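My questions will all concern the structure given below.
Throughout, read-outs are computed from the coordinates displayed, never taken from laboratory work. For clarity, every value in this text was computed on a predicted model and none was experimentally measured. With ideal geometry, Cβ positions are generated from the backbone for all residues, glycine too; neighbour counts draw on all protein chains shown.
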Amino acid sequence: MSGDDQHITEVSGTGVPIPGDDVDTDQILPAKFMKEVTFDNMADYLFYDARRDDDGEFNDHPLNRFEGASIAVVNSNFGCGSSREHAPQAMMRWGVDGVVGESYAEIFRDNCKSLGIPAVTADHETVTELQEWIEANPDGEIDIDVEDETVTYGDTVIDVDIDDAMREALVDGIWDTTSLMYSNRSKVEETVADLPYAEGDD
Amino acid sequence: MSEGTLYDKVWDRHKVTELPNGQDQLFIGLHLVHEVTSPQAFGMLRERDLEVAYPDRTFATTDHIAPTEADKRERPLADDQAEEMLSALERNTDESGITFFGFESGKQGITHVVAPELGLSQPGMTVACGDSHTATHGAFGSIGVGIGTSQIRDVFATGCIAADKQKVRRIEVEGELGEGVYAKDVIMKIIQDLGVDGGVGHVYEYGGPAIEALDMEGRLAVCNMSIEGGARAGYINPDETTYEYLKGREYVPEGEAFEERKAYWESIASDADAEYDDVVTVDADGIDPLVTWGINPGQVIEISDVVPHPDDFEARTDREAAEQALDHMAVDPGQSMLGYDVDVAFLGTCTNGRVSDFEKAAAVLEGHTVDEGVRALAVPGSESVRTECEARGLDEVFINAGFQWRRAGCSMCLAMNDDSLEGDEVCASSSNRNFIGRQGSKDGRTVLMNPAMVAAAAVEGQVADAREYLDEGPTGGAGGVEEVAD
Ligand code: SF4
């Protein structure tokens with residue numbers, strides 16, 4: 001089988017602040033755009049409602065103002081609600097390679113890991129300062145160092161946290177869990193054989 | 001670290017190995033599939049030339065895009081995209097040897113309604129589905145987790161997910177529920193107490209007298225909304241209520257095999273001396289029905305209370321969220337939700353789309369009609385629920401009252417079919433999420449409540465206390481009829 005393993009030790013680019021707590025996946029990618037059988041067009045639908053006025057014109061939503069950005073900076077419990085991978089897929093396809101935030105909903109973080117998008121955390125003040133810095137420096141470069149667990153922007157270097165499993169997966173290039181687990185097929189069979197409900201089935 | 005809990009035991013039984021990234025490889029005993037999150041995963045599988053490893057442990061149905069009007073189920077569906085999703089699922093399941101419950105099967109419906117009623121969800125299993133409400137199945141004493149599309153690919157290819165073990169929080173729910181107060185109110189009370197992100201990093205084990213007293217359908221409603229409290233999964237230890245429910249269901253073994261299976265089920269329940277990472281107590285004694293006033297499920301009050309002031313919240317984030325909510329919902333601090341105008345009444349979903357939910361709503365509706373300004377939809381959670389309700393004559397109660405009686409699907413829970421809020425309509429909804437835009441209109445407003453409360457709101461055209469309908473003489477609830485007959 002072919003895997004798409006790659007080591008992700010560092011991502012960088014300009015930033016886009018997406019302020020607000022509890023930003024749910026229904027906002028990130030409204031359900032009405034999930035009726036496509038591929039993820040190909042998802043970038044077009046990212047924050048679809050929030051980015052538009054009532055007359056359908058683009059408003060001053062950060063995604064409209066920071067076109068071309070690679071690092072999204074978000075607040076707490078980002079990506080809560082529905083499990084739809086459409087949300088991080090849309091972000092990735094729009095151009096997001098990494099996320100800095102206060103905290104994430106777990107399914108969202110797992111989905112980011114599956115896509116090889118580092119999602120790192122820092123405290124409220126640190127995140128807010130970075131968001132403000134981006135507003136003042138829309139062309140400023142931000143660098144997420146996954147290995148060192150730091151984020152660098154301008155003259156500032158901040159320490160950030162990254163979930164251990166995500167860090168290992170990205171740095172060691174083993175975030176393709178299908179390949180990882182596929183090689184353990186015989187062990188899976190042993191586990192199944194021990195399950196009272198799975199063998200000699202209904 | 002927890003020890004001796006159901007979560008620990010089920011995890012251990014399903015753990016294949018530890019992966020180099022530190023996560024555990026966990027076998028998934030039941031994989032549920034629907035049309036929206038699976039086609040991309042089947043695509044990824046094909047790209048890698050892989051096949052579905054455990055088709056026998058995989059079951060599919062269509063729910064999110066399913067039209068709920070009988071004449072709109074003719075194929076091809078009028079909505080091209082919906083048709084494409086449905087045909088893709090039919091093709092994919094057919095090619096992979098996966099059982100698919102389509103419209104014609106009589107078993108189609110919301111995955112989290114279908115799997116329990118068929119006896120597919122059982123104690124001591126791991127259940128995964130590309131849907132965050134997979135926690136529902138924890139009502140049987142299983143670990144149910146919502147997964148993303150890449151993880152669906154993992155389960156297809158390997159039968160497993162890569163997962164981190166969570167902490168276990170025991171939620172001891174004390175007290176007794178009064179008349180007209182239901183499981184939905186219990187879980188909303190829990191979320192009110194613990195917050196929408198209170199469960200992050202944890203699974204919830206629900207227990208205590210208020211939980212043990214619930215029937216299976218009530219337990220399903222509680223576990224369903226675990227994710228609304230931030231917990232990835234939630235479960236209830238299996239007991240006689242669980243075993244009785246399972247007996248005789250299609251996918252449950254019979255006779256001696258049932259007893260053997262039951263021995264396994266009993267063995268995975270949390271030990272009396274199990275160690276939890278955390279234990280909290282929630283007092284549900286004598287609570288009133290709850291309704292949301294805001295834009296997340298934690299912005300919720302008992303119906304006798306008033307909308308809080310942003311300053312009432314300690315955390316800055318809660319204050320900001322409250323302000324946004326007041327603005328979106330057009331409510332004021334200090335206001336009661338009673339009398340809040342309602343345009344749409346929506347009954348159904350994986351939270352409250354089961355037979356007993358329709359019974360509760362019907363008890364309120366009997367002898368009443370829906371307010372003329374209200375569009376009222378009753379959408380059974382599955383086709384089996386629909387036929388069962390019809391066998392009991394409940395459909396007549398809804399139709400006579402002025403409800404539309406529909407076919408099974410997710411419907412206006414997330415408006416991926418034709419059922420949607422328009423403009424800034426207010427919906428009294430038995431669903432589980434009141435996020436902005438959730439019901440199809442970005443200005444739409446959702447008030448979450450139990451199914452009896454939805455019925456009362458439909459009748460009055462405003463948020464009302466359904467308990468007033470339950471003890472009101474001959475045309476009222478079931479109890480009333482008997483008293484008069486005496
Ligand atoms: S009823 Fe609503 S919450 Fe449940 S599976 Fe369908 S869309 Fe999701």
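I need a count of the residues in the range B:347-372 that are in a loop (DSSP other than H, G, I, E, B) and hydroxyl-bearing (Ser, Thr, Tyr). Steps first, please.
As a first pass, look at the range B:347-372 and keep what is in a loop (DSSP other than H, G, I, E, B): B:353-354, B:366-372.
Narrowing further to those that are hydroxyl-bearing (Ser, Thr, Tyr): B:369.
So the count comes out to 1.
Out of the residues in the range A:44-67 that are closer than 16 Å to A:Ala31 by Cβ and away from every other protein chain (no Cβ under 13 Å), state the one that is surrounded by the fewest Cβ atoms within 10 Å (Cβ to Cβ).
Only one residue tops the list, namely A:Asp44.
Oh, and also: May I ask you to say which residue of B:Arg232, B:Arg169 is under 18 Å from B:Asp278 (Cα atoms) and out of contact with any Phe, Trp or Tyr (no Cβ under 6 Å at 6 or more places or on another chain)?
The match here is B:Arg232.
Is it the case that some residue within the range B:378-399 is part of a strand (DSSP E or B), away from chain A (no Cβ under 13 Å) and away from the ligand (no atom under 16 Å from the Cβ)?
There is no residue in the range B:378-399 that is part of a strand (DSSP E or B), away from chain A (no Cβ under 13 Å) and away from the ligand (no atom under 16 Å from the Cβ).
Going through the range B:122-152 one residue at a time, which ones are part of a helix (DSSP H, G or I) and of a type in the set (Gly, Ala, Ser)?
B:Ser132, B:Ala135, B:Gly138, B:Ala139, B:Ser150
If a residue counts only when it is under 30 Å from A:Ala31 (Cα atoms), which strands (runs of 3 or more DSSP E) contained entirely in the range B:1-50 have at least 3 such residues?
Of the strands (runs of 3 or more DSSP E) lying wholly inside the range B:1-50, those with at least 3 residues that are under 30 Å from A:Ala31 (Cα atoms) span B:30-33.
Take the range B:427-445 and flag every residue that is assigned to a strand (DSSP E or B) and farther than 23 Å from B:Gly381 by Cβ.
B:Arg445
Which residues, taken from the range B:50-75, are away from the ligand (no atom under 16 Å from the Cβ), touching a helix residue (DSSP H, G or I) at 6+ places or on another chain (Cβ under 6 Å) and away from every other protein chain (no Cβ under 14 Å)?
Across the range B:50-75, the qualifying residue is only B:Arg73.
Considering only residues of the range B:94-111 that are more than 13 Å from B:Ala66 (Cβ to Cβ) and either more than 26 Å from the chain's Cα centre (by Cα) or within 14 Å of chain A (Cβ to nearest Cβ) (or both), which is surrounded by the most Cβ atoms within 10 Å (Cβ to Cβ)?
Within the range B:94-111, the match that is surrounded by the most Cβ atoms within 10 Å (Cβ to Cβ) is B:Ser96.
Tell me, which residue of the range B:416-436 that is more than 16 Å from the chain's Cα centre (by Cα) and more than 21 Å from B:Gly461 (Cα to Cα) is nearest to the ligand (Cβ to nearest atom)?
This residue is B:Met416.
Okay, residues lined up against (1) touching a Gly at 6+ places or on another chain (Cβ under 9 Å); (2) farther than 19 Å from A:Ser186 by Cβ:
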residue: B:Thr5; (1), (2): no, yes
residue: B:Asp8; (1), (2): no, yes
residue: B:Lys15; (1), (2): no, no
residue: B:Asn21; (1), (2): no, yes
residue: B:Leu30; (1), (2): yes, yes
residue: B:Val33; (1), (2): yes, yes
residue: B:Gln40; (1), (2): no, yes
residue: B:Thr61; (1), (2): yes, yes
residue: B:His64; (1), (2): yes, yes
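Filter the range B:1-29 down to the residues that are among the aliphatic types (A, V, I, L, M) and more than 28 Å from B:Asp56 (Cα to Cα) and list them by number.
Scanning the range B:1-29 gives a single hit, B:Met1.
Continuing with this model, one more query. Restricting the search to the range B:219-243, which residues are in a helix (DSSP H, G or I) and surrounded by fewer than 24 Cβ atoms within 10 Å (Cβ to Cβ)?
Listed by number, the residues that qualify are B:Glu240, B:Thr241, B:Thr242, B:Tyr243.
Within the range B:314-346, work out how many residues are assigned to a loop (DSSP other than H, G, I, E, B) and more than 12 Å from every other protein chain (Cβ to nearest Cβ).
Count: 13.
With surrounded by 23 or more Cβ atoms within 10 Å (Cβ to Cβ) and either more than 23 Å from A:Arg109 (Cβ to Cβ) or more than 25 Å from the chain's Cα centre (by Cα) (or both) as the only criterion, which of B:Thr17, B:Thr37, B:Thr61 stands out? Give the derivation first.
On the way: B:Thr17 fails: surrounded by 23 or more Cβ atoms within 10 Å (Cβ to Cβ); B:Thr37 fails: either more than 23 Å from A:Arg109 (Cβ to Cβ) or more than 25 Å from the chain's Cα centre (by Cα) (or both).
Going through B:Thr17, B:Thr37, B:Thr61 in turn, just one is surrounded by 23 or more Cβ atoms within 10 Å (Cβ to Cβ) and either more than 23 Å from A:Arg109 (Cβ to Cβ) or more than 25 Å from the chain's Cα centre (by Cα) (or both): B:Thr61.
Turning to a different aspect of this structure: Report whether or not B:Leu32 is more than 12 Å from chain A (Cβ to nearest Cβ) and either aromatic (Phe, Trp, Tyr) or touching a Cys at 6+ places or on another chain (Cβ under 7 Å) (or both).
Against the criterion (more than 12 Å from chain A (Cβ to nearest Cβ) and either aromatic (Phe, Trp, Tyr) or touching a Cys at 6+ places or on another chain (Cβ under 7 Å) (or both)), B:Leu32 qualifies.
Taking only pairs six or more apart or across chains, which ones have beta-carbon atoms under 6 Å, a first residue in the range A:19-32 that is within 7 Å of chain B (Cβ to nearest Cβ) and within 18 Å of A:Glu106 (Cβ to Cβ), and a second residue that is among the charged types (D, E, K, R) and within 16 Å of the ligand (Cβ to nearest atom)?
Close Cβ pairs (under 6 Å, with a partner that is among the charged types (D, E, K, R) and within 16 Å of the ligand (Cβ to nearest atom)) amount to A:Asp26/B:Arg438.
Could you say whether any residue in the range B:89-96 is in contact (Cβ under 8 Å) with a residue 40 or more places away in the chain, over 26 Å from B:Thr349 (Cβ atoms), in contact with a Ser or Thr (Cβ under 9 Å, 6 or more places away or on another chain) and away from the ligand (no atom under 16 Å from the Cβ)?
yes
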